[in-house]
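Some notes on the structure that comes next.
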Amino acid sequence: MTGPALSDALAAAEGVAGWMSDDQAGRLWERAAAVPDGGAVVEIGSYRGRSAIVLATAAPAGAEVVAIDPHAGDHRGPREIRGTRALGEADHRAFLENLRRAGVDGRIRHVRRPSQDALGEVDGAVDLLYVDGAHRYAPARADLARWGARVAPGGTMLVHDAFSAVGVTLALARTTFWSTEWRYAGRARSLAEYRREALDPRARRRNLRRQLAQLPWFARNLAIKVALTLRLRPVARRLGSEEWPY
């Protein structure tokens, strides 16, 4: 008897607000489905539940799925760094309702705390870490460093808005570009994948080159964001997109 498919997860997440493309959902699905039974999946930054639905639908029945988001009304998406408590409460209600409607509310343990205050809420190692929290440099770096340290050897870390958001990209440059333990495994748009494994000096140099090769795409995304901010849609169109890159 086969379990749910990616198409089931996409259907369940249909209409849920968020910034996750179908190809990014596919990568989340594949990595969550590969988590061992009894393993742990941790998501940092849930917003209204779009990615959480995919992770919970894909993960084995015996795996724990933890969604961490304070729903404080800030860091809600592009150009929404500051918000209000009312917005946070609306997001929280929508998150719970979306999980219920998708039938995964019983699969997800929600920790309504800032990510750095939630480190003690998860016991043991993490098999799959999905980072989509605050995109400023300091909190992004803290998530990558402190939560990344919780990922088991051979485990996976997925980072949204990599090579797209300035703060996230700078945090990656500090934590993964010359890392001895994070191998860059590619990306789906701005969703970058890293595998935790030991890297010798030669592998580190190759790993650095592969990440540096993403910087032209990063520059293109920045140019699109500037054009859209200045309401220069024809310029953004010529650069390849009239939508905020993610």
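Of the residues making up segment 60-74, just one is out of contact with any Ser or Thr (no Cβ under 9 Å at 6 or more places or on another chain), crowded, with 21+ Cβ neighbours inside 10 Å and not β-branched (Val, Ile, Thr), namely Ala63.
On the basis of being crowded, with 16+ Cβ neighbours inside 10 Å, farther than 17 Å from Leu28 by Cβ and in contact with a helix residue (DSSP H, G or I) (Cβ under 7 Å, 6 or more places away or on another chain), does Thr156 make the cut?
On the way: crowded, with 16+ Cβ neighbours inside 10 Å: yes; farther than 17 Å from Leu28 by Cβ: no; in contact with a helix residue (DSSP H, G or I) (Cβ under 7 Å, 6 or more places away or on another chain): yes.
It is false that Thr156 is crowded, with 16+ Cβ neighbours inside 10 Å, farther than 17 Å from Leu28 by Cβ and in contact with a helix residue (DSSP H, G or I) (Cβ under 7 Å, 6 or more places away or on another chain).
Screening Gly88 against (1) touching a His at 6+ places or on another chain (Cβ under 7 Å); (2) under 19 Å from Leu129 (Cα atoms) leaves a single unmet condition, (2). Counting the residues of segment 210-246 that are over 20 Å from the mean Cα position of the chain (by Cα) and either on the phi > 0 side of the Ramachandran plot or outside any helix (DSSP H, G or I) (or both) gives 7.
Residues in segment 174-190 include at least one that is assigned to a loop (DSSP other than H, G, I, E, B), more than 10 Å from Leu144 (Cβ to Cβ) and aromatic (Phe, Trp, Tyr).
Within segment 184-198, being touching a Ser or Thr at 6+ places or on another chain (Cβ under 9 Å) and either crowded, with 18+ Cβ neighbours inside 10 Å or closer than 17 Å to Glu30 by Cα (or both) holds for Tyr184, Ala185, Ala188, Arg189, Ser190, Leu191, Ala192, Glu193, Tyr194, Arg195, Arg196. The set of residues in segment 210-246 that are of a type in the set (Phe, Trp, Tyr) and modelled with pLDDT of 95 or more comprises Trp217, Phe218. If you check Leu170 against the conditions, is it buried (at least 22 other Cβ atoms within 10 Å of the Cβ) and aliphatic (A, V, I, L, M)? No. Evaluated against (1) without any contact (Cβ under 8 Å) to a residue 40 or more places away in the chain; (2) surrounded by 18 or more Cβ atoms within 10 Å (Cβ to Cβ); (3) farther than 23 Å from Asp23 by Cβ, Ser115 falls short on exactly one condition, (1).
Evaluated against (1) surrounded by fewer than 22 Cβ atoms within 10 Å (Cβ to Cβ); (2) touching a residue at least 24 places away in the same chain (Cβ under 8 Å), Pro201 falls short on exactly one condition, (2).
Filter segment 161-173 for residues that are assigned to a helix (DSSP H, G or I), within 17 Å of Asn207 (Cβ to Cβ) and of a type in the set (Gly, Ala, Ser) and give the result. Ala171, Ala173 - these are the residues of segment 161-173 that are assigned to a helix (DSSP H, G or I), within 17 Å of Asn207 (Cβ to Cβ) and of a type in the set (Gly, Ala, Ser). Only residues that are surrounded by fewer than 16 Cβ atoms within 10 Å (Cβ to Cβ) and part of a loop (DSSP other than H, G, I, E, B) were counted across segment 10-59, and they come to 8.
The values are calculated or read from the model by the stated rules, or taken from the named source; none is laboratory data. The shown structure was predicted, so the numbers you read here are calculated from the model rather than taken from an experiment. Ideal geometry is used to build each Cβ from the backbone, glycine not excepted, and the neighbour counts take in all protein chains shown.
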